[in-house]
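Working notes, beginning with the structure itself.
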Amino acid sequence: MDRVILAHLQLFIYNVEKAYNDYDLSKVYRLYMDFMKYYVLDFYIEGVRDRIINEIDSPRQKSSQRIMAIVRNFFNISHSTFRFWSIH
């Protein structure tokens, strides 16, 4: 499951870069919202919630925590960018 979300994250990054290069900001926003809702919230977090809570100090728990940190850091940067553009 961790590899699947990383693969989707790489595809998301590729598509967002392409949309930015095409100056299609509405597509960037739609990609961002779709990825967060369908892949991160509905697929990944629902799938690993028990692992993160119940498998204390297991390699699977640590893997899930690392993936969540990557996704969280990536989307904190993206969210800041969206806020900047909405203000200016």
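The values are calculated or read from the model by the stated rules, or taken from the named source; none is laboratory data. Note that the coordinates shown come from a computational prediction; the quantities given were computed from them, not determined experimentally. No Cβ is skipped: glycine too gets one built from the backbone with ideal geometry, and neighbour counts run over all protein chains shown.
Could you list, in sequence order, the residues of region 16-26 that are touching a helix residue (DSSP H, G or I) at 6+ places or on another chain (Cβ under 8 Å) and surrounded by fewer than 16 Cβ atoms within 10 Å (Cβ to Cβ)? Before you say what the answer is, go through the steps one by one.
Narrowing region 16-26 to residues touching a helix residue (DSSP H, G or I) at 6+ places or on another chain (Cβ under 8 Å): 16, 19-20, 25.
Hits for region 16-26 are 20, 25.
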Aromatic (Phe, Trp, Tyr) and loosely packed, with under 14 Cβ neighbours inside 10 Å: which single residue out of 44, 38, 29 fits that description? 38
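Criterion first (under 21 Å from residue 4 (Cβ atoms) and under 16 Å from the mean Cα position of the chain (by Cα)) does residue 64 satisfy it? I'd like the intermediate steps shown before the answer.
Working: under 21 Å from residue 4 (Cβ atoms): yes; under 16 Å from the mean Cα position of the chain (by Cα): yes.
The answer is yes for residue 64.
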Top-ranked residue in region 38-58 [being part of a helix (DSSP H, G or I) and over 23 Å from residue 7 (Cα atoms); ranked as farthest from the chain's Cα centre (by Cα)]: 54
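Can you find, within region 17-26, the residue that is nearest to residue 68 (Cα to Cα) among those that are part of a helix (DSSP H, G or I) and at pLDDT 90 or above? Give the steps one after another, and end with the answer.
Here is the first cut: in region 17-26, the residues part of a helix (DSSP H, G or I) are 17-21, 25-26.
Cutting the leftovers down to at pLDDT 90 or above gives us 17-19, 21.
Numbers: 17: 22, 18: 24, 19: 25, 21: 27 Å.
Taking the candidates together, the pick is 17.
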Do the conditions hold for residue 82, that is, is it modelled with pLDDT under 80 and hydrophobic (A, V, I, L, M, F, W, C)? yes
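Return the residues of region 1-16 that are out of contact with any Leu (no Cβ under 8 Å at 6 or more places or on another chain) and either at pLDDT 90 or above or in a helix (DSSP H, G or I) (or both); say none if nothing qualifies.
Quick first cut of region 1-16, residues out of contact with any Leu (no Cβ under 8 Å at 6 or more places or on another chain) only: 1-11, 13-14.
Correct list: 2, 3, 4, 5, 6, 7, 8, 9, 10, 11, 13, 14.
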